[in-house]
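**Q** Attaching a single structure in structure tokens format; questions to follow.
The values are calculated or read from the model by the stated rules, or taken from the named source; none is laboratory data. Just so it is clear, the model here is predicted, and its values are computed rather than measured. Here the Cβ is made from the backbone with ideal geometry for all residues, glycine too, and neighbour counts use every protein chain on show. Just the protein is used for accessible areas: all its heavy atoms, side chains included, with ligands, DNA and RNA removed. Shrake-Rupley method; radii C 1.70, N 1.55, O 1.52, S 1.80 Å.
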Amino acid sequence: MVHRSRGKYSYPCTQGPFCSSAARLRQLQLMLQKCSQSQKHASQSQQRFFPAKSFSTYQPVIKVTPKVSLFDQEVLITVHGLTRKAKVTLQAWIQHEWRREKVVFASYGHFVASEQGEVDLSKDSPVGGTFTGIEPMGLLWSLAPLPGHPTDIRLVWKDVTKPCDVHIALFPGHITPSDSTVCSEDPDPRPMCVTTASRWMKAADVSRVEIKEGRLRGMLFLPPGEGPHPGVIDVFGSAGGLMESRAALLASHGFAVLSLAFFNFQDLPKTLEDVQLDYFEEAVEWFSSHPAVREGGIGTVSVSFGATFAMLTAMQCPQVKAVVQINGPPFLIMRDLQRKGQVFVKSVQLDLNLATNTKEGYITKDALLYSPSDLLPMWKSSAHMLCLVSDDDGLNNPQWIEELRTMYPEDRRHLIEVVHYPGAGHLLEPPYTPHCRACMNPAEGKHCVWGGNPKQHSEAQRDSWQRLLAFLHDKLR
């Protein structure tokens, strides 16, 4: 295998057989061919028409522009060829699997066509459905488990090498989605037409390379071009394993991104109890020295438990210049953390007797007894930190971050920025990811309420993602 080196580390060549210009040209040709085939397939799917008696003289068409897009990209959804003032239903659905269980996510909107026989989601508000108001992406962010399917499901797109295919059907009249309209090969009532929009977490020209370096385990995503690129380490929370979706999407915006697993993956520790801070420090050292990563410092993006670890890492590693902290407690929870074989930080314990037990699950934000001395002294680090805080988080109290901010000395307060999102829940993810209000929390072994309501949560995801991208581009210049 070809290796590149910088300093004391050696790295596998991420270009592989495409190192030569001729091979790179061939790669681009193959990608263009693949994209052309995807668009041809999407175009063909728009020709799936179904006769409907009340529209016998018209042939409606659903258009999604663009047909193939990145997951965080807004698309235009329109319908043409209806009779004037026709009552119709636009219904979307996704086939998904969560913890080996197949679930259908569905959404819908009831519309009345214009005088010209058209529906335009960028201009028209539904008169009923899973979202209200003018919402161009309402059919996507309001997706939720179909009635009769488990509701405590989080939609996580794990295989970034495949698109998330969103099927959209047009029905006469105002109906509600059901198994007969979504899951049946012979739907009743029959749709007038059906199309499919392909949503990708990873751009076609972003490379994906498995990382096994020393103890490190993860996936490296690199944008096209020689680089070097601004570097970001992406870490998730108590679910463990390896989640690649956010890293792949960040790389599609020009960042070199290491999606870092830290427990319950391959030969890594099985539980959080055995995670040590040294592991994250090793990841920073390796990644910041990578030839594809721009010198001068890296950033981190993290959520929940992962955000706490990211803060501790930034305090130990001067290479970390920018920290995006998404709903992470500013103190260690439940488990003491070791560094170099010794307890480095004592944890705050969770007392479930103080938690609120609801029909949806536990609300644990008031079940932690801590003191100001437990807050991590991030002000001792030179890293800039963007804190994205959901005010309806069932796990974290938004006041925690405010208390941390007041601990910053006046001359260092410019290093911390806090943005609050009323009505948003714990799981702030990239735009148009469907909202999950409650599901199993692996760290606590119980169903927990993440919180939030779909509309405000969607608005928070859209705004926080743009802030995140702007912050990283600014601080990693």
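**Q** I'd like to check something: does the range 193-202 contain any residue that is open to solvent by 40 Å² or more (accessible area, probe 1.4 Å) and closer than 25 Å to Leu469 by Cβ?
**A** Yes, because at least one residue in the range 193-202 is open to solvent by 40 Å² or more (accessible area, probe 1.4 Å) and closer than 25 Å to Leu469 by Cβ.
**Q** List, please: which pairs have Cβ atoms under 8 Å, are six or more places apart or on different chains, and start with a residue in the range 84-96 that is closer than 12 Å to Ala169 by Cα and of a type in the set (Ser, Thr, Tyr) and end with one that is open to solvent by less than 10 Å² (accessible area, probe 1.4 Å) and outside any loop (DSSP other than H, G, I, E, B)?
**A** Note: pairs meeting the criteria are Thr89/Gly109; Thr89/Phe111; Thr89/Leu170; Thr89/Phe171.
**Q** Mind checking which residues of the range 243-256 are part of a loop (DSSP other than H, G, I, E, B) and either surrounded by fewer than 24 Cβ atoms within 10 Å (Cβ to Cβ) or under 14 Å from the mean Cα position of the chain (by Cα) (or both)?
**A** Met243, Glu244, Ser252, His253, Gly254
**Q** Looking at Gly173, Gly129, Gly148, which one is more than 27 Å from the chain's Cα centre (by Cα), of a type outside the set (Val, Ile, Thr) and on the phi > 0 side of the Ramachandran plot?
**A** Testing whether each residue is more than 27 Å from the chain's Cα centre (by Cα), of a type outside the set (Val, Ile, Thr) and on the phi > 0 side of the Ramachandran plot leaves just Gly173.
**Q** Evaluate the range 140-152: report whether one residue or more is in contact with a Leu (Cβ under 8 Å, 6 or more places away or on another chain), part of a loop (DSSP other than H, G, I, E, B) and crowded, with 19+ Cβ neighbours inside 10 Å.
**A** yes
**Q** State whether the residues of the range 55-69 include one that is among the aromatic types (Phe, Trp, Tyr) and within 18 Å of Gln461 (Cβ to Cβ).
**A** Scanning the range 55-69 turns up no residue that is among the aromatic types (Phe, Trp, Tyr) and within 18 Å of Gln461 (Cβ to Cβ).
**Q** For the range 262-299, which positions are under 30 Å from Asn441 (Cβ atoms) and either in a loop (DSSP other than H, G, I, E, B) or touching an Asp or Glu at 6+ places or on another chain (Cβ under 6 Å) (or both)?
**A** Phe262, Phe263, Asn264, Phe265, Gln266, Asp267, Leu268, Pro269, Lys270, Thr271, Val275
**Q** To continue, here is another question. Restricting to the range 344-367, name every residue that is of a type in the set (A, V, I, L, M, F, W, C) and at pLDDT 90 or above.
**A** Across the range 344-367, the qualifying residues are Phe344, Val345, Val348, Leu354, Ala355, Ile363, Ala367.
**Q** Could you please let me know if Ser259 is among the small types (Gly, Ala, Ser), touching a strand residue (DSSP E or B) at 6+ places or on another chain (Cβ under 6 Å), assigned to a strand (DSSP E or B) and more than 22 Å from Ala204 (Cβ to Cβ)?
**A** No.
**Q** Give the residues of the range 195-205 that are more than 17 Å from the chain's Cα centre (by Cα) and farther than 16 Å from Gln95 by Cβ, sorted by residue number.
**A** Residues satisfying the conditions are Ala204, Asp205.
**Q** If the requirement is being touching a strand residue (DSSP E or B) at 6+ places or on another chain (Cβ under 7 Å) and free of Cβ contacts under 8 Å to residues at least 40 places away in the same chain, which of these qualifies: Glu185, Glu210, Glu226?
**A** Being touching a strand residue (DSSP E or B) at 6+ places or on another chain (Cβ under 7 Å) and free of Cβ contacts under 8 Å to residues at least 40 places away in the same chain holds for just one of Glu185, Glu210, Glu226, which is Glu210.
**Q** Is it true that Lys340 is closer than 25 Å to Ser259 by Cα and surrounded by 16 or more Cβ atoms within 10 Å (Cβ to Cβ)?
**A** Here the answer is no, as Lys340 does not meet what is asked.
**Q** May I pose another question? If we only count strands (runs of 3 or more DSSP E) wholly inside the range 378-477, which ones have 1 or more residues that are open to solvent by less than 10 Å² (accessible area, probe 1.4 Å)?
**A** 384-390, 438-441, 446-449
**Q** Could you tell me whether the range 71-80 includes any residue that is surrounded by 22 or more Cβ atoms within 10 Å (Cβ to Cβ), in contact with a Cys (Cβ under 9 Å, 6 or more places away or on another chain), among the hydrophobic types (A, V, I, L, M, F, W, C) and outside any strand (DSSP E or B)?
**A** For the range 71-80, residues surrounded by 22 or more Cβ atoms within 10 Å (Cβ to Cβ), in contact with a Cys (Cβ under 9 Å, 6 or more places away or on another chain), among the hydrophobic types (A, V, I, L, M, F, W, C) and outside any strand (DSSP E or B): present.
**Q** Restricting to the range 439-453, name every residue that is over 19 Å from Gly328 (Cβ atoms) and either modelled with pLDDT under 95 or over 18 Å from the mean Cα position of the chain (by Cα) (or both).
**A** Met440, Gly445, Lys446, His447 - these are the residues of the range 439-453 that are over 19 Å from Gly328 (Cβ atoms) and either modelled with pLDDT under 95 or over 18 Å from the mean Cα position of the chain (by Cα) (or both).
**Q** Among the residues in the range 268-281, are any within 20 Å of the chain's Cα centre (by Cα), aliphatic (A, V, I, L, M) and surrounded by fewer than 20 Cβ atoms within 10 Å (Cβ to Cβ)?
**A** Looking through the range 268-281, none of the residues is within 20 Å of the chain's Cα centre (by Cα), aliphatic (A, V, I, L, M) and surrounded by fewer than 20 Cβ atoms within 10 Å (Cβ to Cβ).
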